[in-house]
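The values are calculated or read from the model by the stated rules, or taken from the named source; none is laboratory data. This is a predicted model, so every value here is computed, not measured. Glycine gets a Cβ as well: all are built from the backbone with ideal geometry, and neighbour counts include every protein chain shown.
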Amino acid sequence: MLRTHTCAELKSTDIGKQVTLCGWIANRRDHGKLIFIDIRDRYGLTQVVFIPKESKEAYKIAQDLRNEFVVKLTGLVNKRPGGTINPKLATGEVEVLAQELEILNSSLTPPFEIQEDAEITEEIRLKYRYLDIRRNKVFNNLLLRSNLYKVIRGYLGEKDFIECETPILTKSTPEGARDYLVPSRANPGQFFALPQSPQLFKQILMVAGIEKYYQIAKCFRDEDLRADRQPEFTQLDIEMSFVNEEDIFSLTEGLMKLIFKELKNIDIPTPFTRISYKEAMEKYGCDKPDLRKQLNLDFAFCWVVDFPLFKFNTDEKRWESEHHPFTSPATEDLENLNKAPDKVKSRSYDLVLNGMELGSGSIRIHRQELQEKIFDIIGLQKEEIEKRFGFLLEAFQFGAPPHGGVAFGMDRLLAILAGESSIREVITFPKNSNAFCPLTSAPSDVEDKQLKELGLTARKGGK
């Protein structure tokens, strides 16, 4: 390592030690024969003082320092003079008397101050996201994401889950939003799609005998954006074999309780409140009720259950799946499938936190004859079924076990944990509200040569 300590590590017990620090110049103060700097790394700040009598060379170099220069320095740890101790800093009792200084890299003047209270437009923040991340607030949100993943992996690992990756380039099987399509050069005129979720693959993994699967998965949906939506987002995807709803609820509640204890030191009461879709709509006017006030809690979880299996498309005069066509109907409603589809409840469930849908899942259909009946009710023709879902249905013919699962929006959960109103605040490199990346200027034009290789032509302005 180039350094002996981080910039948040030095204490009064280190007085007299020679140390080496590396980091960025947070600020510089020239007092004539004394130059002070605060050196910053991801851990914190340390004050450094340059005095000519200690090191003329280091003092001379320090005169050229500017904010955000990257430096390496060596010096002795001293006790700060009386009245200058800073109790707000972890290193506030000490300072480093510089003996050697090396400028590892210079920096242009940043377009905004790297300070917590700096007023910056979101467009500028996203364009210079690498500078924005140097601010504690943004960095801590990303650290929170990392710590959340550690908790999830530890919890599910202890419960014998297997973390499996599923393809990013896959088949277009529309799931309620527009797919992002990727043209195939090797197969002209044909397209991959980026997954809206790993739904079909995780069900195939159940056929494969994995039994307990999870993945922290990237998902993609080409839909209109808002504070809780991004073109690409992250979800915790879970699927299990030989389970019912109670197993899903118990697993989820244990995980959420652990997350809030580990990351917020808050005890979340369990079991979570359960409310039917019908009651939620009648009492709250929506299927995402905010129960913080029928519970007196800062964080109020609830399960919304007993969703209808179908909804009627008035434009096309046909039934559609409320969630997706692999959701199992409630056992007691099976007799209504043919005569009264509107009365059939599903074995699906949503997890709601503070009025925001955090996750959704269901017990799946695993029997071929029931699956065919559902397809028939929603009007899917044999050719369309084969085209969209043939590979899954073929897998189901080789001994599909009863299974069910759930998926949670990591970005939404993180926004709540961090006290943010937008998920853009907890994503490392987010798109703006127009699905555009100010940092990279993506999406962008590509060369005609690339389009020709793919057998495509570009149409500007939607024409």
Residue 185 versus (1) outside the structural domain of residue 221 (by TED's automatic domain parsing); (2) in contact with a Leu (Cβ under 6 Å, 6 or more places away or on another chain); (3) assigned to a loop (DSSP other than H, G, I, E, B): which is the lone unmet condition?
-> (1)
Here are some residues: 230, 203, 215. Which one is buried (at least 17 other Cβ atoms within 10 Å of the Cβ) and part of a loop (DSSP other than H, G, I, E, B)?
-> 230
Yes or no: residue 39 among the β-branched types (Val, Ile, Thr) and buried (at least 16 other Cβ atoms within 10 Å of the Cβ)?
-> yes
Taking the condition modelled with pLDDT of 95 or more, within 16 Å of residue 308 (Cβ to Cβ) and small (Gly, Ala, Ser), does residue 321 pass?
-> no
Please verify whether region 388-399 includes one or more residues that are more than 24 Å from residue 170 (Cβ to Cβ), surrounded by 13 or more Cβ atoms within 10 Å (Cβ to Cβ) and touching a Phe, Trp or Tyr at 6+ places or on another chain (Cβ under 9 Å).
-> no
Pairs where the first residue, in region 236-254, is part of a helix (DSSP H, G or I) and the second is of a type in the set (Lys, Arg), C-beta under 7 Å, 6+ apart = 245/347
Wholly inside region 349-425, helices (runs of 4 or more DSSP H) that include 2 or more residues that are polar (S, T, N, Q) and over 19 Å from residue 255 (Cα atoms) are 368-377
Residues of region 150-177 satisfying the condition of being loosely packed, with under 14 Cβ neighbours inside 10 Å and not in a loop (DSSP other than H, G, I, E, B) | 150, 154, 157, 158, 162, 163
Say we look at region 86-99 and pick out the residues that are surrounded by fewer than 21 Cβ atoms within 10 Å (Cβ to Cβ) and over 39 Å from the mean Cα position of the chain (by Cα); which of these is nearest to residue 61 (Cα to Cα)?
-> 99
